[in-house]
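Okay, structure first, notes after.
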Amino acid sequence: MSEVHQNQFQIRLTADFYDADGEPKYDDLGLDVLSQAGHVAVGSFDEHRPIVTSEQIGDAQGVIVLTPQVTAETVIRSDRLLVVGRFGVGYDSVDVAACTAADVLVTITAGAVNRPVAEAVVTWMLTLTHQVLAKDRLLRTGRWDDRSGYMGCELRGRTLGVIGLGGIGREVILLLAGFGMNPPLVYDPFVAPDVLDACGARSVALDELLSMADFVSIHCPLNDQTHGLIGPRELGLMQPDAYLINTARGGIVDEEALYAALKEHRIAGAAIDCFDNEPVTDPHPLGELDNVVLAPHCIAWTGELFRDIGRMACQSMLDLSQGRRPHGAINPELFDRDSFRKKWNRLTGVDVS
C-alpha cells in the first residue's frame with residue numbers, strides 16, 4: 001500500500017480486504033488502475049468494524065467498502081468525503097439517503113458481477129437437477145447399489161423464471177441458450193419491452209411465474225418492495241418438482257417458510273447464497289436438509305470477479321478525482337446540486353462547474 005499524503009486524492013479500503021497481518025486476502029483487487037495516477041494515494045482502515053466510522057474515514061475523499069455498513073453516523077462529519085464505492089452491485093448496506101443529504105456520492109460496480117454470478121446460477125441448476133451432492137455421498141459411503149434411487153433430470157424442456165431482469169438475469173438467460181430450455185419467464189415491473197425481446201423472454205405476473213417455472217432464480221435488489229417477496233403463499237404456488245435459487249439478497253425469501261417447504265418436499269430443492277442475518281457463524285437450519293445447497297454469500301467469488309469489480313471501483317474513484325462523472329452512480333442527482341459541485345471542486349482542484 002502506498003503512503004497517504006495530505007495533498008493527494010486519498011482513497012481508503014475497508015479492513016476486510018486484508019488479513020490480520022495487513023496482507024491482501026485476494027490476489028488482485030484491481031488497484032493497478034490507480035498505480036499510474038500520481039495524484040492518488042491508497043490506504044486502508046486499521047481494523048474491521050461492522051459499521052464504517054467517520055474516524056476511520058479521516059481525511060479520505062473516497063472509500064471502497066466490502067462488507068461494512070455505511071450509515072448516517074458514518075457520513076455525519078463528511079466534509080472531506082466525496083464518494084463511497086460499494087465493492088459489488090448490492091447497496092442495501094449503504095444509507096443512500098444519508099449519503100445524498102451529506103453530498104456523498106455512492107457508486108456500485110454495475111456489470112462487473114454479471115458473468116460470474118450467472119455461471120454460479122447455472123452451476124447450481126445442474127448441481128440440483130443431477131443430484132450431484134447426493135451421488136457424491138453415495139460413493140463416499142459405499143452405497144453404489146443405491147444409485148438407481150437418485151435419477152436426475154435435464155434442463156432440456158424446462159422453464160426458467162427470472163425475478164428481476166437486470167444484467168445478471170440477462171446473462172443467465174444467455175448462458176442457458178444452448179440447453180434447449182423453453183422460452184424464459186420474467187417478472188420485473190420495470191423491464192423494457194425491447195430488453196425482453198432481446199432475451200426471447202415473456203413478461204408475466206409473479207404468481208404466474210411461480211406456478212409455471214421449473215427454476216425460479218432471484219436477481220432483484222433488496223428494498224421495501226422486495227423484502228419478503230417470496231413467502232409462504234408464493235412458495236405454495238411453486239410446482240413440487242421446481243427449484244428456488246437465490247443469489248441476490250437475504251430478506252427477499254422468507255427463510256422459515258422456505259425451510260418448511262423444503263422439509264415437507266413441497267418444492268424439489270433450493271440453492272441459497274445469501275441470508276437474513278450475515279455472517280452466518282452457527283449452523284443454519286437449512287443445512288439440516290438434503291435438498292438444498294448453500295454457500296456463505298460467495299458462490300460467485302472468483303479471482304476474475306474481484307479483479308473486475310476492483311478495477312471498476314477504482315476507475316470510478318479515478319474518474320471523480322479527475323472531474324469526470326463515474327460509472328455506476330446510485331445518486332446521480334448530486335451532479336446537478338451546487339453544494340456537491342462546490343465540494344467536488346474543493347476536494348479535487350478540478351473545475352467541474
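The values are calculated or read from the model by the stated rules, or taken from the named source; none is laboratory data. A quick note: this is a predicted structure, and the numbers were derived from the prediction, not measured. Here the Cβ positions follow ideal geometry from the backbone for every residue, glycine too, while neighbour counts run over all protein chains shown.
Here is a yes/no grid of residues against (1) assigned to a helix (DSSP H, G or I); (2) over 26 Å from residue 171 (Cβ atoms); (3) of a type in the set (Lys, Arg):
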{"site": "293", "(1), (2), (3)": "no, no, no"}
{"site": "301", "(1), (2), (3)": "no, no, no"}
{"site": "304", "(1), (2), (3)": "yes, no, no"}
{"site": "307", "(1), (2), (3)": "yes, no, yes"}
{"site": "310", "(1), (2), (3)": "yes, no, no"}
{"site": "324", "(1), (2), (3)": "no, yes, yes"}
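Rundown of residues vs (1) crowded, with 19+ Cβ neighbours inside 10 Å; (2) under 26 Å from residue 153 (Cα atoms), yes/no style:
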{"site": "262", "(1), (2)": "yes, yes"}
{"site": "265", "(1), (2)": "no, yes"}
{"site": "270", "(1), (2)": "yes, yes"}
{"site": "275", "(1), (2)": "yes, no"}
{"site": "285", "(1), (2)": "no, no"}
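Would you check if there is a residue in the range 44-53 being assigned to a strand (DSSP E or B) and either of a type in the set (A, V, I, L, M) or free of Cβ contacts under 8 Å to residues at least 60 places away in the same chain (or both)?
Of the residues in the range 44-53, the ones assigned to a strand (DSSP E or B) are 44, 51.
Narrowing the set further to residues that are either of a type in the set (A, V, I, L, M) or free of Cβ contacts under 8 Å to residues at least 60 places away in the same chain (or both) leaves 44, 51.
For the range 44-53, residues assigned to a strand (DSSP E or B) and either of a type in the set (A, V, I, L, M) or free of Cβ contacts under 8 Å to residues at least 60 places away in the same chain (or both): present.
Could you list, in sequence order, the residues of the range 54-66 that are surrounded by fewer than 16 Cβ atoms within 10 Å (Cβ to Cβ) and not in a helix (DSSP H, G or I)?
58, 59
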**Matching entry among 242, 270, 248, 260 (being within 15 Å of the chain's Cα centre (by Cα) and small (Gly, Ala, Ser))** = 248
**Asked** Do we find a residue being touching a helix residue (DSSP H, G or I) at 6+ places or on another chain (Cβ under 7 Å), surrounded by fewer than 24 Cβ atoms within 10 Å (Cβ to Cβ) and part of a helix (DSSP H, G or I) anywhere in the range 76-95?
**Response** no
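Going by what's in this entry, would residue 121 be described as buried (at least 22 other Cβ atoms within 10 Å of the Cβ), within 17 Å of residue 311 (Cα to Cα) and out of contact with any Asp or Glu (no Cβ under 8 Å at 6 or more places or on another chain)?
It is false that residue 121 is buried (at least 22 other Cβ atoms within 10 Å of the Cβ), within 17 Å of residue 311 (Cα to Cα) and out of contact with any Asp or Glu (no Cβ under 8 Å at 6 or more places or on another chain).
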**Prompt:** Do the conditions hold for residue 221, that is, is it at pLDDT below 95 and within 30 Å of residue 94 (Cα to Cα)?
**Reply:** yes
**Request:** Taking residue 20 as the residue in question, decide whether it is within 21 Å of residue 107 (Cβ to Cβ) and out of contact with any His (no Cβ under 8 Å at 6 or more places or on another chain).
**Result:** no
**Fill in**
Among 169, 178, 152, the single one that is in contact with a His (Cβ under 9 Å, 6 or more places away or on another chain), at negative phi and without any contact (Cβ under 8 Å) to a residue 24 or more places away in the chain is 152
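Please go through the range 332-346 and give me each residue that is part of a helix (DSSP H, G or I) and over 18 Å from residue 322 (Cβ atoms), ordered by number.
Hits for the range 332-346 are 333, 336, 338, 339.
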**Prompt:** For the range 296-323, how many residues meet the condition of being without any contact (Cβ under 8 Å) to a residue 24 or more places away in the chain and under 21 Å from the mean Cα position of the chain (by Cα)?
**Reply:** 1
**Request:** Please verify whether the range 228-239 includes one or more residues that are assigned to a loop (DSSP other than H, G, I, E, B), within 23 Å of the chain's Cα centre (by Cα) and crowded, with 16+ Cβ neighbours inside 10 Å.
**Result:** yes
